[in-house]
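Here's the structure, in structure tokens; my notes come after.
The values are calculated or read from the model by the stated rules, or taken from the named source; none is laboratory data. All values derive from a computational prediction rather than experimental measurement. Cβ atoms come from the backbone with ideal geometry, glycine included; neighbour counts cover every protein chain shown. Heavy atoms of the whole protein, side chains included, go into the accessibility calculation; ligands, DNA and RNA do not. Shrake-Rupley method; radii C 1.70, N 1.55, O 1.52, S 1.80 Å.
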Amino acid sequence: LKSIDDLHDENKYDIINLSYVLQHLENPEKILANLKKKLTDRGIIIIKVPDDSFKFCYPDPEDLLHKIFNLYESQIMVNQNITKNTDRYIGKKVYSYLNNKFKNIKLFYSVSDTIGKTLEQKIQMFDSSIAYRSADNKNNIPDKIKNEMNNLLDKLRNQFKKEEFYYTMTVLYYIANK
């Protein structure tokens, strides 16, 4: 296992696995072109990415989900070094990044939703897929923005507790050959 920054040696790899990495890189298309050079002739690349456009909830009369996404992207994410280049909608773009560079591109996906889940499982899904957008413990974020985000997150968390509330999310997996 190596960091993407540690691949400057002459070694070639049979498998390169990027799990929730590509969306944080400043120029993912360029990185993929460089990683292709690091694969053996029969090497494969595996890419796991989120895509917020595949997240959906109902009912959401206040459009809380999109308000959270918009506030996070415009006021929080861009002000943190670790997320300032993050593309939360990269999932649909990966195919075009791989196309003409790699062969045998395959797309797989995993769908998770709240149907049949216990209250604890629903809250766990909320925490892992939405609540991390909280501005608490983040630098360079005004208290007004922190409070607004916490208010939106609290409202949506309460929606998750309702029996009739539905939420779904999809994670995309790409596999391609050199």
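Considering ILE115, ILE123, the condition of being in contact with a Lys or Arg (Cβ under 8 Å, 6 or more places away or on another chain) and either modelled with pLDDT of 95 or more or over 30 Å from GLY43 (Cα atoms) (or both) is satisfied by ILE123 alone. Selection of the range 100-138 for residues being among the charged types (D, E, K, R) and assigned to a helix (DSSP H, G or I) yields GLU120, LYS122, ASP127, ARG133. Return the residues of the range 133-144 that are within 22 Å of the chain's Cα centre (by Cα) and on the phi < 0 side of the Ramachandran plot; say none if nothing qualifies. Those that are within 22 Å of the chain's Cα centre (by Cα) and on the phi < 0 side of the Ramachandran plot: ARG133, SER134, ALA135, ASP136, LYS138, ASN139, ILE141.
For first residues located in the range 69-88 and over 12 Å from TYR132 (Cβ atoms), partners that are surrounded by fewer than 14 Cβ atoms within 10 Å (Cβ to Cβ) and among the charged types (D, E, K, R) and lie 6+ apart or on another chain with Cβ distances below 7 Å form the pairs VAL78/LYS84; ASN85/GLU26. Restricting the search to helices (runs of 4 or more DSSP H) fully inside the range 1-99 and requiring at least 2 residues that are at negative phi, at pLDDT 95 or above and open to solvent by 80 Å² or more (accessible area, probe 1.4 Å) gives 64-71. Being touching a Gly at 6+ places or on another chain (Cβ under 7 Å), surrounded by 18 or more Cβ atoms within 10 Å (Cβ to Cβ) and not in a loop (DSSP other than H, G, I, E, B) is the requirement here; does LEU153 meet it? Considered against the rule, which asks whether it is touching a Gly at 6+ places or on another chain (Cβ under 7 Å), surrounded by 18 or more Cβ atoms within 10 Å (Cβ to Cβ) and not in a loop (DSSP other than H, G, I, E, B), LEU153 comes out as no.
Residue by residue through the range 131-178, note down the ones that are aliphatic (A, V, I, L, M) and either closer than 15 Å to ASP60 by Cα or in contact with a strand residue (DSSP E or B) (Cβ under 6 Å, 6 or more places away or on another chain) (or both). Correct list: LEU152, LEU153, LEU156, MET169, VAL171, LEU172, ILE175, ALA176. Of the residues examined, ILE130 is one that is out of contact with any Cys (no Cβ under 8 Å at 6 or more places or on another chain), closer than 18 Å to ASP51 by Cα and buried (at least 17 other Cβ atoms within 10 Å of the Cβ).
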